[in-house]
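Everything on this sheet refers to the single structure shown next.
The values are calculated or read from the model by the stated rules, or taken from the named source; none is laboratory data. Here the structure is a predicted model, which is why all the values come from computation and not from measurement. Don't worry about glycine lacking a Cβ; one is built from the backbone with ideal geometry, like all the others, and counts go over all protein chains shown. Each accessible area value is taken on the protein alone, full model and side chains, heavy atoms only, with ligands, DNA and RNA left out. Shrake-Rupley method; radii C 1.70, N 1.55, O 1.52, S 1.80 Å.
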Amino acid sequence: MRWAERLVSLLETSTFRYASLIAFIFLLVVAGSVLFSRSQIERLLHDHVHEMILEDIQDHEHKQLLRNAERLAHALADGEMRERTDSLALVLNAQGEVLFGARELADALSCRPPCALGWRTVVMAGNDGYPMQIIGMQLPLSDGGVLFRAYDVLPMLERVRIIPLVAGAGLFAVLLSSLGIGLCSSLRSMRRVDRIRSALSRYASGDREVQVPSREGGGDEFDLLGMDINHVLGRVNILMEEVKSVSGHLAHELRTPLTRLHSRLAGVAERLDDDMRGDVMAAVGEAERIQRMFKAVLRIGEIEAGRCAHVFEWFDSRALLCDVKDYYQPLVEAAGMRLSLEESAEELELYGDRALLFQALSNLLENAVKYAPDGDGIVLMARRRGSEFELGVADDGPGIPEAKRGEAVERFRRMGGNAQGSGLGLALVNAVAKLHAVPLVLADNVPRGLVATLCFKRSQWRHRPPADPGRAIDEA
């Protein structure tokens, strides 16, 4: 299947399409040339036959044989005329009797003297049963007889028709060669494009040292493109380092004042009476909210840029779900809701960063508690659906309208009119999903609510390998 997909992608390349288009046009030209050359050869052959017949008749006239049918017939019968193997002659007297020639030709000619002067084409079967295509001139003689001088052109046509066929076969071989060259060129171009795409994919995954293969100081258009891409990637690396430096400095400069502000407000609140303590504690809460929002924004930026510490490895999906459930069970019960698990019956492992996926599930759970307070239960899911593995959370709250699900994953987008949220929960989950190269799917929960899942591809999950008995004994 992999080779089939590669072949399909190869046939869809622009180089092969252009080569196929040129080959198709060339094929039309070849077919038109073969048909045109065949018709021209047949026309030239007919003209040549007409010239030979006229020369024969002029020779008869020069020998004064066209005045008497019997004399002409005796001359032809005695071999005075040097006949070609494909030439034919028919002599009729004034009464329509055959003096020379085949009776079948006379019947096919259907001429009863006197006959008018003219060119005639007759198709008949020869003595050997093979068809004959006869072209000749019908000429009235002075004594009322008729001379029909003709040639069988079918053997001639069969000999010359091979010429356009051979030429067409040669051109068709050139056509196949051009398609083969186009296919090889497309394969080479696709390999180079795949190398560029692979380098860009690795760069997008966080490998900042990747370079597109290219030859310095020369090469074709792919080498020039590779050098330009490397220049752009180098410039992006410089800009990202500058942004990282600025963001780190900004985080350091802002976290300290925010921490001091929070500490001073908390200290002031302890020394105030009850009338003013409520307002100061509200300010403390706002300071904490700003700190959380600031940390979330920085965290999303780190994940999207691939600067966060992440380790991709195989881990037990069921253990991850149990850890999330144990950690958030008290929060869900305090909100008056019920938390349950929906696990796959199979023991499956996921490939990814366990800590980041734990954080993504935490954000989904907190959103479910925050935006679905009227719901009865929340479901943590780790289930296999066909070739995909879904990891997510389902609730029976108000859900998100389908038209707004695209903007729900953007930063600072609050859904459901909850003013307490920062609008960064789904944005962080979406950043984690992009880092793992999986989609974040928001769908309706039946009969009501929202289902938010990260859908892992077949290459990103596997059945848990059997435990090694020897290793288990050693560990014991």
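What is region 108-178 by shape, rounded, prolate or oblate, if you read a ≥ b ≥ c off the alpha carbon gyration tensor as root eigenvalues and call it rounded for a/c under 1.5, prolate for a/b larger than b/c, and oblate otherwise?
The shape class here is prolate.
Tell me, what is the FRET efficiency for Ser185 and Asp444 to the nearest 0.05, using R0 = 56 angstrom and their Cβ-Cβ distance as r?
0.70
Per the Kirkwood formula on distinct C-alpha pairs, the Rh of region 314-368 is how many angstrom?
Computed over Cα pairs of region 314-368, the Kirkwood hydrodynamic radius comes out at 12.0 Å.
Please name whichever of Leu54, Ala31, Ala94 sits farthest to the positive end of the charge dipole of region 24-102, dipole taken about the Cα centre and charges placed at Cβ: Lys and Arg +1, Asp and Glu -1.
Ala31
Figure the gain on full extension for Ser33 and Arg271 (residue separation times 0.36 nm, minus the Cα-Cα span) and round it to one decimal in nm.
Answer, rounded to one decimal: 75.3 nm.
Could you order the peptides 116-122, 22-28 from most to least packed, using the average number of other C-beta atoms within 10 Å per residue?
With the highest mean Cβ count within 10 Å placed first, the list reads 22-28, 116-122.
Stretched out fully, how many nm does the piece from Glu216 to Ile25 gain, at 0.36 nm a residue minus the Cα gap?
Full-extension gain reported as 65.0 nm.
Based on the Cβ-Cβ distance from Thr259 to Glu286, what FRET efficiency comes out when R0 is 22 Å, to the nearest 0.05?
Efficiency, from the Cβ-Cβ distance: 0.95.
Based on the Cβ-Cβ distance from Ala116 to Leu44, what FRET efficiency comes out when R0 is 25 Å, to the nearest 0.05?
Efficiency, rounded to the nearest 0.05: 0.35.
Shape call for region 52-126 from the C-alpha gyration tensor, a ≥ b ≥ c root eigenvalues: rounded (a/c under 1.5), prolate (a/b greater than b/c) or oblate?
Here region 52-126 falls in the rounded category.
Taking a quarter of the surface of the Cα convex hull of region 169-225, what do you get in nm²?
4.9
Among 450-463, 62-75, how do they line up by average Cβ neighbours within 10 Å per residue, starting with the highest?
The most tightly packed comes first, giving 450-463, 62-75.
Over 21 Å between Cα atoms: which of Lys404/Lys457; Lys325/Lys370; Lys325/Lys404 fall into that group?
Lys404/Lys457; Lys325/Lys404
Sort 381-391, 93-103 by packing, meaning the average of other beta carbons within 10 Å per residue, with the highest value first.
Peptide ranking by packing, descending: 381-391, 93-103.
Once amide H atoms are built 1.01 Å from N in the peptide plane, which residues 5 or more positions from Asn445, or in another chain, come under 5 Å H to H?
Leu450, Val451
For Met52 paired with Arg462, estimate the spin-label separation in nm (one decimal), with each label point 7 Å from Cα along the Cα-to-Cβ line.
Each label point lies 7 Å from its Cα, and together they span 8.1 nm.
Carbon-plus-sulfur fraction of the accessible area of region 77-158, 1.4 Å probe, in percent?
50
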